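I have placed the structure first, in the form of structure tokens, so that the comments after it can refer back to it.
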Amino acid sequence: MQVNRSHRHCDAYIAGAYEHPTRKADDKTIAQLHAECAAGALRDAGLTKDDVDGYFCAGDAPGLGGLAMAEYMGLKLRHIDTTEMGGSSYVAHVGHAAQAIAAGKCSVALITLAGRPRAEGVTALGARNYGPGVPDYGFELPYGPAITNLYGMAAMRHMHEYGTTSEQLAWVKVAASQHAQHNENAMLRNVVTVDDVVNSPMVADPLHRLDCCVISDGGGALVVVSPEIAKKLGDRCVKVLGAGEAVKHLNGGQVDLTYTGAVVSGPIAFEQAGLKPADIHYASIYDSFTITVLITLEDLGFCAKGEGGRFVSDGNLISGVGKLPFNTDGGGLCNNHPNNRGGITKVIEAVRQVRGEAHPAVQVPNCQIALAHGTGGSIGTRMGSATVILGSYDA
């Protein structure tokens, strides 16, 4: 397909990014966490809440969602977007904010995520019950599908189709742990080996405990601004080069568990950016489970379908060692998966990398182009994917 170069890039920049340092928020409300994340991102951007005229949030925002949070934070808005795509929402919001800015709907867009499942006693990802009104209720809830089972099912199918092994999946966790050791806020900072992963307790065959993400409180926020405002703020702003989103569902039972919506969202983002997978210096990949990363890498074109196991093996995701450094903050597998929704942290670490502000031990040299990808819902049922490609100020 021919790329229209004159309208290739999004006309927007990420000016502020903030990840809440807490991983257990016993003394904070969800609204307070949202507000603290917002304040942090605005401070990082050199702006205030009075500059914000667009607000983006998803299902984690309490009460009336965006309406309640706008009042709580005292925002005077011209535009609001409460698109809900699970953990991929906040990656999609970056693209939506860029579109809104290009359309003149707002010039300073604030995106927030926050939650406190640990403080509320959540210790495992069980079945998600959204009530009897959802169309899948009568077909699926009687069987008690837990999140781990659904991802285990996808992993088992990938192993059956392509010969993927538990040892190959383990390399994803090993890479995340190599990075997390340098992150003082990471929940799991101990470096692990392939043997550690495959010998950890089985949770949902073939996924072991160490194949699963952490459960954490906290959150994060992003500030997306117009080119005019970015010029005033300086070269720490990170350009949004491309964005894509997609929904994949069960298709009336004709479902292939070996791919995700990234097969659609990725090409859209790459086309808009005028780039290809080989151009990416760093990738933030949603890592609810090790299998999530492996399948997503295939779907985004970093390797052929079925080659993900070989691609992640032998440290290829480790910064300074492998061909595609990923999740240099430790990701959801080791660092932070706030409110069981990790999309925003993927964008935050990609911003750090492009700015050259990641930890020196994991900073990718001359990182000018980064990709962030979010997964929402479950790759075993209905799910959403969102991809953004970011570049340095003059990219």
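The values are calculated or read from the model by the stated rules, or taken from the named source; none is laboratory data. Every value quoted in this text rests on a predicted model; they were computed, and no experiment measured them. All Cβ positions, even for glycine, are placed from backbone atoms using ideal geometry, and neighbour counts span all protein chains on display. Surface areas here come from the heavy atoms of the whole protein model, side chains and all, with no ligands, DNA or RNA. Shrake-Rupley method; radii C 1.70, N 1.55, O 1.52, S 1.80 Å.
Assorted remarks:
For every residue, the table says whether it meets (1) assigned to a strand (DSSP E or B); (2) open to solvent by less than 30 Å² (accessible area, probe 1.4 Å); (3) within 24 Å of Ala358 (Cβ to Cβ).
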residue	(1), (2), (3)
Arg236	no, no, yes
Val247	yes, no, no
Gly252	no, no, no
Asp256	no, no, no
Val263	no, no, no
Ile268	no, no, no
Leu275	no, no, yes
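- Filtered by the rule that a residue be open to solvent by 20 Å² or more (accessible area, probe 1.4 Å), over 16 Å from Thr387 (Cα atoms) and among the aromatic types (Phe, Trp, Tyr), the range 281-310 gives no residues.
- Single unsatisfied condition, Tyr393 versus (1) among the hydroxyl-bearing types (Ser, Thr, Tyr); (2) crowded, with 24+ Cβ neighbours inside 10 Å; (3) assigned to a loop (DSSP other than H, G, I, E, B): (2)
- Residues satisfying the stated conditions in the range 337-386, i.e. in a strand (DSSP E or B), under 15 Å from Leu324 (Cβ atoms) and either at pLDDT below 95 or open to solvent by less than 10 Å² (accessible area, probe 1.4 Å) (or both): Ala370, Leu371, Ala372, His373
- Residue match in the range 82-100 (condition: surrounded by 20 or more Cβ atoms within 10 Å (Cβ to Cβ) and more than 20 Å from Thr345 (Cβ to Cβ)): yes
- Of all residues in the range 311-328, those satisfying the criterion of being open to solvent by less than 10 Å² (accessible area, probe 1.4 Å) and either among the hydrophobic types (A, V, I, L, M, F, W, C) or touching a helix residue (DSSP H, G or I) at 6+ places or on another chain (Cβ under 6 Å) (or both) are Val312, Leu317, Leu324, Phe326, Asn327, Thr328.
- Applying the criterion of being open to solvent by 60 Å² or more (accessible area, probe 1.4 Å) and not in a helix (DSSP H, G or I) to the residues of the range 47-72, the residue that is modelled with the highest pLDDT is Thr48.
- Residue selected from the range 258-291 under the condition touching a residue at least 60 places away in the same chain (Cβ under 8 Å) and charged (D, E, K, R), by the criterion farthest from Lys173 (Cα to Cα): Glu271
- Across the range 277-287, a minimum of one residue is classified as of a type in the set (Phe, Trp, Tyr), in a loop (DSSP other than H, G, I, E, B) and under 28 Å from Leu42 (Cα atoms).
- Scanning the range 330-384 for residues that are within 14 Å of the chain's Cα centre (by Cα), over 20 Å from Thr148 (Cβ atoms) and of a type in the set (S, T, N, Q) turns up just one, Thr345.
- Filter result for Ala25 (more than 26 Å from Gly242 (Cα to Cα) and touching a strand residue (DSSP E or B) at 6+ places or on another chain (Cβ under 7 Å)): yes
Residues checked against (1) surrounded by 14 or more Cβ atoms within 10 Å (Cβ to Cβ); (2) within 26 Å of His20 (Cα to Cα):
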| residue | (1), (2) |
| --- | --- |
| Val108 | yes, yes |
| Thr123 | no, yes |
| Tyr137 | no, no |
| Glu140 | yes, no |
| Pro145 | yes, no |
| Met153 | yes, no |
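- Test: residue in the range 6-22 that is without any contact (Cβ under 8 Å) to a residue 60 or more places away in the chain, over 26 Å from Thr375 (Cα atoms) and open to solvent by 50 Å² or more (accessible area, probe 1.4 Å): yes
- Filter pass, Leu210 being surrounded by 17 or more Cβ atoms within 10 Å (Cβ to Cβ), at pLDDT 95 or above, in contact with an Asp or Glu (Cβ under 9 Å, 6 or more places away or on another chain) and not polar (S, T, N, Q): yes
- Neighbours by Cβ (under 7 Å, 6+ apart or cross-chain): first from the range 156-181, within 22 Å of Pro21 (Cα to Cα); second among the polar types (S, T, N, Q) and in a helix (DSSP H, G or I): Lys173/Thr290
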